[in-house]
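Before any comments, here is the structure.
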Amino acid sequence: MTDVATMEKIVSLCKRRGLIFPASEIYGGIANTYDYGHYGVLLKNNVVAQWWKAMIQERDDIVALDSAIVQHPRTWEASGHLAGFTDPLVQCLGKCKQRFREDHLREAAIERGEDPEALRCPVCGGELSEPRQFNLMFETHVGPAADSASTVYLRPETAQGIFLDYKTTLQYSRKRPPFGIAQVGKSFRNEITPGNFIFRTLEFEQMEMEFFVPPAEAQQWHEHWLEQRMEWYAGLGIDREKLRLRPHGADELSHYSSATSDIEYLYPIGWSELEGIANRGDFDLRQHQEHSGEKLEYVDQQTKERYLPHVIEPAAGLGRTVLALLCDAYDEDEQGGEQRTVLRLHPKVAPIKVAVLPLLRKDGHPELAREVYEELRRRMSAEYDSGGHIGKRYRRQDEIGTPFAVTIDHQSVEDHTVTLRQRDSLQQDRIAIADLAGELEERIR
Ligand code: GAP
């Protein structure tokens, strides 16, 4: 089904329908940065709500957190990001002077069967500089003086805020390991590689959960979370055939991780990371304990055992989930000799669940349609649209993934029934207005 989805078509649909578009466009845009419009925001909100549902509502061993983006600068010393969160950067010494990730150029050379030791600029063929380690954290300053004493960083992951608040959370929440702390928020990375639309951006939202466990249980919980997270994506309606788990090789593990597996999705750009699920051991709590001098050990009141919990971390990207949903849902078919573009989104993530469309702008259709709409929107995300030919209005809703459309016509005015059209099958059922909301809620579930 998704064979027809290319990145160009997804980008174009997102722009046309106002889901996602380049930021700062009137100034020519800014690299790897996008804005989300109305339907993009609704889609994102639905994904986040599903994540919170799986983390909080359906469990009783995880609590929520919203920590600051700018933390004490020593956080990043302790976490290893100041020293180790770097990419190897090379610059073209020839004509174009562009910068590239050396590791990416090497991988591409190996794939083409070329010598990775003899890299040249992929744009102009020029010679390349020696690689230089380039830190991905954005630096800024607190207060009026821009000196080293005032330097702070925009967080490159939400996880560290969770580690800093681990002790406070443990105390007030009356939890004991195994338990987790979940957070959703923006992270920032000074990415220099072209981003493939929203796949790699300078600022992005993460949905991260740190699960603190007794050391002996780490392996078992790692497996638990690998399974849970795969199921979560499948539950959003993503094709299981396009999801896979890929364990990291020893050479690609992050500085904090003893084992990581990525959940990958088969994007139009190939299999790529959707979420990383790492066993961080006690690396972070140990580092923060040493750097802050604050004891972070857990003391089991019953056994009197003391230990630093180990951490299993499912770390998902909201933008990458949205992109996977869009790629997976994108389809084209033919209706009455005309080509139709349709987003076959699962109703639970679709930005709009139902569109209410009066057939005509007269004969009482708009008044009754408005009544139906007012009733429906109290219970679900609905849209009223009276503008233009009915076929065009259906096409518009198909393109933003609205699973149901309700049409009010002559018969509706007479007998208080409507047609309920399904986006995917195009089946149309006649249904009483009194039963409509309940029927829709049932179908959305
Ligand atoms: N706390 C662990 C951590 O941050 P990561 O693999 O670097 O791990 C987790 O990031 C997820 O965040 C990735 O799987 C991806 O979905 C998302 N992500 C990371 N960098 C991103 C970027 N530049 N643009 C969009 N999403 C990104």
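The strands (runs of 3 or more DSSP E) found wholly in region 105-184 include none carrying at least 3 residues that are within 16 Å of the ligand (Cβ to nearest atom) and open to solvent by 50 Å² or more (accessible area, probe 1.4 Å). Each residue in region 88-117 was checked for being touching a Cys at 6+ places or on another chain (Cβ under 9 Å) and small (Gly, Ala, Ser), and 1 of them qualify. Considering only strands (runs of 3 or more DSSP E) fully contained in region 1-79, which possess at least 1 residues that are of a type outside the set (A, V, I, L, M, F, W, C) and farther than 24 Å from residue 180 by Cβ? So the answer is 20-22, 34-36. Counting just the residues of region 112-151 that are touching a Phe, Trp or Tyr at 6+ places or on another chain (Cβ under 8 Å) and not hydrophobic (A, V, I, L, M, F, W, C), which one comes out farthest from residue 201 (Cα to Cα)? Filtering region 112-151 for residues that are touching a Phe, Trp or Tyr at 6+ places or on another chain (Cβ under 8 Å) and not hydrophobic (A, V, I, L, M, F, W, C), the one farthest from residue 201 (Cα to Cα) comes out as 122.
Only residues that are out of contact with any helix residue (DSSP H, G or I) (no Cβ under 9 Å at 6 or more places or on another chain), surrounded by 14 or more Cβ atoms within 10 Å (Cβ to Cβ) and not hydrophobic (A, V, I, L, M, F, W, C) were counted across region 7-31, and they come to 2. Within region 281-302, residues that are in a loop (DSSP other than H, G, I, E, B) reach partners that are surrounded by 15 or more Cβ atoms within 10 Å (Cβ to Cβ) and basic (Lys, Arg) with beta carbons closer than 9 Å, at six or more positions or on different chains, in the pairs 294/167; 295/167; 296/167; 300/176; 301/176.
Being under 28 Å from the mean Cα position of the chain (by Cα), surrounded by fewer than 22 Cβ atoms within 10 Å (Cβ to Cβ) and more than 20 Å from residue 156 (Cβ to Cβ) is a property that residue 309 lacks. With respect to being over 29 Å from residue 53 (Cα atoms), touching a Ser or Thr at 6+ places or on another chain (Cβ under 8 Å) and surrounded by fewer than 15 Cβ atoms within 10 Å (Cβ to Cβ), residue 409 falls outside the description. Among the residues of region 59-68, just one is of a type in the set (D, E, K, R) and under 20 Å from the mean Cα position of the chain (by Cα), namely 66.
If the condition is being in contact with a His (Cβ under 7 Å, 6 or more places away or on another chain) and within 23 Å of residue 340 (Cα to Cα), then region 408-445 contributes only 408.
Of all residues in region 282-294, none are closer than 30 Å to residue 176 by Cβ, open to solvent by less than 60 Å² (accessible area, probe 1.4 Å) and modelled with pLDDT under 95. Within this structure, residue 272 passes the test of being of a type in the set (Gly, Ala, Ser), within 13 Å of the ligand (Cβ to nearest atom) and assigned to a strand (DSSP E or B).
Scanning region 185-223 for residues that are of a type in the set (Lys, Arg) and near the ligand (Cβ under 9 Å from one of its atoms) gives 189, 200.
The values are calculated or read from the model by the stated rules, or taken from the named source; none is laboratory data. Only a predicted model underlies this, so the values are computations on that prediction, with no experimental measurement involved. Ideal geometry is used to build each Cβ from the backbone, glycine not excepted, and the neighbour counts take in all protein chains shown. The area values use the complete protein model at the heavy-atom level, side chains included, leaving out ligands, DNA and RNA. Shrake-Rupley method; radii C 1.70, N 1.55, O 1.52, S 1.80 Å.
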